[in-house]
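The values are calculated or read from the model by the stated rules, or taken from the named source; none is laboratory data. What you are looking at is a predicted structure, and each value in this text was computed from that prediction instead of being measured. Here the Cβ positions follow ideal geometry from the backbone for every residue, glycine too, while neighbour counts run over all protein chains shown. These accessible areas exclude ligands, DNA and RNA; they are computed on the full protein's heavy atoms, side chains included. Shrake-Rupley method; radii C 1.70, N 1.55, O 1.52, S 1.80 Å.
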Amino acid sequence: MEDFILKELLTSDISKEIKDIGFDDNYSSVALDKFKYKNIKIFNLNIAQANIIKQTALSVGADCATHRDVITGKIAISNAILGGSYSQIKKIAQKLKSQPFKLSILGHKIIDFLEFDFQKKETKLVGILNITPDSFSDGGKYLKPLDAKKHFEKLIIDGADIIDIGAESTRPYSEEVPSNVQIERLTPILKFIQDENFKIPISVDTRSSIVADFALNHGASIINDVSGFDFDNKMPEIIKKYNAEIIIQHSNGIPKTMQNNTKYNNIIEDVYFKLKEKKELAESFGINKIILDVGIGFGKTKKDNFELLDKIQEFHSLNSPLMIGVSRKSLLGIKEDDNDLKDALSLAISYPLINKVDYLRVHNVKLHKIMLANKVNM
């Protein structure tokens with residue numbers, strides 16, 4: 001037999017691996033902190049703060065990367081990346097609590113950050129019901145009230161946890177739909193839901209506070225605002241009025257022009273800080289039921305979209321449930337009108353997101369429900 005055999009371990013599996021080798025259960029929680037690693041980016045530090053954090057990290061055997069000119073004092077502000085085991089970072093945080101320059105505040109924040117440690121999500125499905133003539137994958141299919149009602153019932157049978165109803169297409173280059181037209185389209189399906197006393201949570205996909213007011217007054221409990229309050233600044237007031245849940249999505253401009261402006265300094269950080277800003281705005285109105293959506297396909301290139309998907313777990317630092325919608329979107333690279341193929345590719349892209357996001361917004365609920373069941377039972 002070979003003398004030494006090496007294999008890399010994923011830190012997400014470290015708890016099971018420690019148990020499997022027969023490690024002492026009584027000491028396992030302490031050991032986990034030594035084997036789990038965390039990289040934390042800290043923004044806008046002054047030179048004194050950056051130097052102290054760097055030296056504190058080195059004192060416990062960890063490290064902190066800063067701008068190269070922090071040591072020379074040629075710059076005023078630097079971001080930093082603090083990296084180490086959980087055990088080391090906890091020691092750093094404790095030491096920072098006794099340091100000047102407001103670093104005691106940072107010490108407490110780091111402890112809170114670690115305690116929020118990401119837990120696997122129970123991913124739920126948001127079924128899409130478009131009652132529009134021009135949505136990108138099923139425009140006109142459910143515009144008639146009878147067709148909408150039948151599809152609504154099918155989404156429930158197929159296993160949707162929430163149904164998101166949209167009366168305005170926000171696909172790239174689409175035109176704004178007046179509030180009265182949206183309400184006219186929504187009225188029959190919302191009346192049907194109320195009359196039949198369906199218990200499933202209803203979300204209405206709208207940028208209009210007028211439409212949101214109508215929807216929440218007629219049985220909806222969630223508003224999905226793809227503009228993230230940018231389109232209608234009265235939206236937060238309506239959400240607060242009904243104590244409703246809000247889905248705040250990131251988008252870069254309005255649907256008609258958003259694909260003409262897809263330039264970012266750093267796609268992950270630009271979207272992260274914009275969602276943070278929108279969440280804080282919602283909270284300033286007393287809104288506390290908030291879901292965040294990075295806005296796949298809304299003012300972003302294909303490369304941007306996949307980078308957001310690859311790094312979606314970084315958005316857990318915002319401490320809100322996350323929703324992702326990739327279903328049948330153009331990032332799949334399918335130009336022809338083949339929804340079966342689009343659903344298959346949507347499924348493939350969604351699979352790695354299971355247990356990483358709280359909600360998947362999908363057209364084909366049945367197919368995704370089977371995928372979720374198989375993933376959970378593996």
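Within the range 259-276, residues that are under 17 Å from LEU309 (Cα atoms) and at pLDDT 95 or above sit with their Cβ atoms under 6 Å from residues that are of a type in the set (Lys, Arg) and open to solvent by 50 Å² or more (accessible area, probe 1.4 Å), at 6+ positions apart or across chains, in these pairs: ILE268/LYS311. Among the conditions (1) open to solvent by less than 40 Å² (accessible area, probe 1.4 Å); (2) of a type outside the set (A, V, I, L, M, F, W, C); (3) in contact with a Lys or Arg (Cβ under 6 Å, 6 or more places away or on another chain); (4) over 28 Å from ASP134 (Cα atoms), the only one that LYS278 does not satisfy is (3). Per the conditions (1) closer than 23 Å to PRO255 by Cβ; (2) of a type outside the set (Ser, Thr, Tyr); (3) open to solvent by less than 10 Å² (accessible area, probe 1.4 Å), the sole criterion not satisfied by LEU353 is (1).
Scanning the range 191-209 for residues that are among the aliphatic types (A, V, I, L, M) and either under 20 Å from LYS256 (Cβ atoms) or surrounded by 21 or more Cβ atoms within 10 Å (Cβ to Cβ) (or both) gives ILE202, VAL204. When ASN39 is tested against (1) closer than 21 Å to LEU318 by Cβ; (2) assigned to a helix (DSSP H, G or I), just one condition goes unmet, and that condition is (2). Scanning the range 16-34 for residues that are farther than 30 Å from PRO100 by Cα, open to solvent by 70 Å² or more (accessible area, probe 1.4 Å) and part of a helix (DSSP H, G or I) gives LYS16, LYS19, ASP20, ASP25, ASN26, TYR27, SER29.
Per-residue answers, yes or no, for (1) under 20 Å from the mean Cα position of the chain (by Cα); (2) within 21 Å of GLY297 (Cα to Cα); (3) aromatic (Phe, Trp, Tyr):
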| residue | (1), (2), (3) |
| --- | --- |
| LYS241 | no, no, no |
| GLY253 | yes, yes, no |
| LYS256 | no, yes, no |
| GLN259 | no, yes, no |
| LYS263 | no, yes, no |
| VAL271 | yes, yes, no |
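Can you tell which of LYS95, LYS54, LYS74 is open to solvent by 70 Å² or more (accessible area, probe 1.4 Å) and at pLDDT 95 or above?
LYS95
In contact with a helix residue (DSSP H, G or I) (Cβ under 8 Å, 6 or more places away or on another chain) and assigned to a helix (DSSP H, G or I) - does that describe any residue in the range 288-302?
From the range 288-302, those in contact with a helix residue (DSSP H, G or I) (Cβ under 8 Å, 6 or more places away or on another chain) are 290, 292, 294-300, 302; that's our starting set.
Next, only the ones that are assigned to a helix (DSSP H, G or I) stay: 302.
Scanning the range 288-302, I find at least one residue that is in contact with a helix residue (DSSP H, G or I) (Cβ under 8 Å, 6 or more places away or on another chain) and assigned to a helix (DSSP H, G or I), so the answer is yes.
Residue by residue, here is whether (1) modelled with pLDDT of 95 or more; (2) open to solvent by 10 Å² or more (accessible area, probe 1.4 Å); (3) touching a Pro at 6+ places or on another chain (Cβ under 6 Å); (4) basic (Lys, Arg) holds:
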position	(1), (2), (3), (4)
LEU143	no, yes, yes, no
LEU155	yes, no, no, no
ILE165	yes, no, no, no
SER169	no, no, no, no
GLU175	no, yes, no, no
SER179	yes, yes, no, no
LEU186	yes, no, no, no
PHE214	yes, yes, no, no
GLY219	yes, yes, no, no
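Within the range 19-53, being under 31 Å from the mean Cα position of the chain (by Cα) and of a type in the set (D, E, K, R) holds for ASP33, LYS34, LYS36, LYS38, LYS41. With the requirement that a residue be farther than 15 Å from SER87 by Cβ, open to solvent by less than 40 Å² (accessible area, probe 1.4 Å) and under 33 Å from the mean Cα position of the chain (by Cα), what does the range 57-71 give you? If the condition is that a residue be farther than 15 Å from SER87 by Cβ, open to solvent by less than 40 Å² (accessible area, probe 1.4 Å) and under 33 Å from the mean Cα position of the chain (by Cα), then CYS64 is the only one that fits.
Of everything listed in (1) part of a loop (DSSP other than H, G, I, E, B); (2) in contact with a His (Cβ under 9 Å, 6 or more places away or on another chain), the single unmet condition for THR187 is (1).
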